[in-house]
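See structure below.
The values are calculated or read from the model by the stated rules, or taken from the named source; none is laboratory data. From a predicted model like this one, the values you see are computed outputs, not experimental measurements. Cβ atoms come from the backbone with ideal geometry, glycine included; neighbour counts cover every protein chain shown. Protein only, heavy atoms only, side chains kept; ligands, DNA and RNA dropped before computing areas. Shrake-Rupley method; radii C 1.70, N 1.55, O 1.52, S 1.80 Å.
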Amino acid sequence: MTLLVTGGAGFIGSNFVLDWFAQSDEPIVNLDALTYAGNLQNLAALQGHAAHTFVRGDIGDRPLLDRLLAEHQPRAVLHFAAESHVDRSIHGPGAFIKTNVEGTFTLLEATRAYWSALRGAAREDFRFHHVSTDEVYGSLAPSAPAFTETHPYEPNSPYSASKAASDHLVRAWHHTYGLPVVTTNCSNNYGPYHFPEKLIPLMIVNALAAKPLPIYGDGQQVRDWLYVTDHATAIRAVLAGGQLGETYNVGGWNEKTNKEIVLTICALLDELAPSAEGPYTRLITHVKDRPGHDRRYAIDAGKIERELGWRPAETFDSGIRKTVQWYLANKDWVANVQSGGYRDWVATNYSVR
Ligand code: NAD
Ligand code: DAU
């Protein structure tokens, strides 16, 4: 029994892999291209772990996929690999089409060829688990009900459009070819190993460096936040018991405005790492809004709770405190990811705001 995980050196993928080995000895083959977002340091705790095989490679490389599937005979493919940052998708959508659409297509085709040749229980029990996002549903009005699995797809950014396209491919490979798929659509994750281009880690690392805390527009956009290990437990629940061809929304029942998030981080840093210059809120700066910025996401995670008994274990208060503590305790990790490439991105995204 083996899992093939794609994107397992990224934020959510690495947390999933670490969490998996905290509960199981079942081997994982971890295929990751190590883009700017992939980081082997996230997996340092697994060095020498006999059940973890890391392979550097691209999900668009069909011969490599065929070789890995034939060699390791996985019982499931868990597909995390993607370009994941909305702002980067605005500056350069091509990479999102390449990985999220074409890469998913290639992975589906390789998996279909492998699965078609399986027989008996190996064929019946096989799963392709597609890890997706709530952003495919588009933006909600302030008082509209939260997204359910039947909400129409209305993606608004190049990132969410590319993820919506990948969701549709996965759905079609089930309906047309019978490939045994499940899809999860999750809200905003946060926690350890979160690359500091995203809101929460960016605000923590900027505050600690006494740099501006750039809030896009009025900061009243709403996101639902889920601690990353809760996402890992949801994926395990769906992998184990999800109905074939179904989609499951995953969320934290925890809507917050961006301004609230930043104020919470500032208050925690004032408590845990006070600055001689005064409260961290002094660094808050409102900057030009993100083009096409979705106003609100909210997830109704009722289906996964009813069918599979999953609910998040972490509250936002406990999760955000752990997260801030993790960044305070892992300044070397932060320094290492702030490479030349990271600095170039910060200049690209923020110098014109
Ligand atoms: P991330 O950007 O931190 O990591 C992506 C990983 O994929 C990296 O390790 C990268 O090296 C790898 N990768 C990129 N292109 C690749 C390719 N062509 N071949 C192989 N590997 C490649 O992303 P994340 O935040 O961990 O997100 C993981 C998945 O979860 C994505 O599919 C994303 O759409 C989805 N998701 C993310 C969130 C969130 O809040 N971050 C929420 C819901 C869903
Ligand atoms: O909803 C799930 C999605 O959440 C995932 O699919 C994406 O992969 C993930 O990146 C995330 O997308 P968001 O665009 O919501 O996350 P981000 O952290 O980039 O931004 C969160 C909010 O904070 C958003 O409203 C934009 C705002 N923001 C972000 C940055 C980086 C700021 O105000 N300032 C910033 O500097």
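Observations, loosely collected:
- When each of Ala207, Ala172 is tested for being of a type in the set (A, V, I, L, M), under 21 Å from Asn349 (Cβ atoms) and either without any contact (Cβ under 8 Å) to a residue 60 or more places away in the chain or more than 16 Å from ligand 1 (Cβ to nearest atom) (or both), the lone residue that passes is Ala207.
- Filter pass, Leu169 being at pLDDT 95 or above and not in a helix (DSSP H, G or I): no
- Residue within the stretch 217-233 that is among the polar types (S, T, N, Q) and within 12 Å of ligand 2 (Cβ to nearest atom) present: yes
- Yes/no for Ala37 being within 16 Å of ligand 2 (Cβ to nearest atom), part of a loop (DSSP other than H, G, I, E, B) and under 21 Å from Pro180 (Cβ atoms): no
- Elements of type strands (runs of 3 or more DSSP E) contained in the stretch 232-317, each with 1 or more residues being within 29 Å of Asp167 (Cα to Cα): 247-250, 255-257
- Matching residues, the stretch 259-272, being open to solvent by 20 Å² or more (accessible area, probe 1.4 Å) and either closer than 30 Å to Ala172 by Cβ or not acidic (Asp, Glu) (or both): Lys259, Leu263, Thr264, Ala267, Leu272
- Subset of the stretch 112-158 [farther than 25 Å from Ala81 by Cα, of a type in the set (A, V, I, L, M) and either modelled with pLDDT under 95 or not in a loop (DSSP other than H, G, I, E, B) (or both)]: Ala121
- Qualifying residue in the stretch 1-14 (condition: more than 10 Å from ligand 1 (Cβ to nearest atom), open to solvent by 20 Å² or more (accessible area, probe 1.4 Å) and at pLDDT below 95): yes
- The stretch 236-285, residues that are touching a Pro at 6+ places or on another chain (Cβ under 7 Å) and either over 18 Å from Ser187 (Cβ atoms) or of a type in the set (Val, Ile, Thr) (or both): Leu244, Cys266, Asp270, Leu283, Thr285
- Residue in the stretch 148-165 that is open to solvent by 30 Å² or more (accessible area, probe 1.4 Å), free of Cβ contacts under 8 Å to residues at least 12 places away in the same chain, more than 16 Å from ligand 2 (Cβ to nearest atom) and within 19 Å of Val250 (Cβ to Cβ) present: yes
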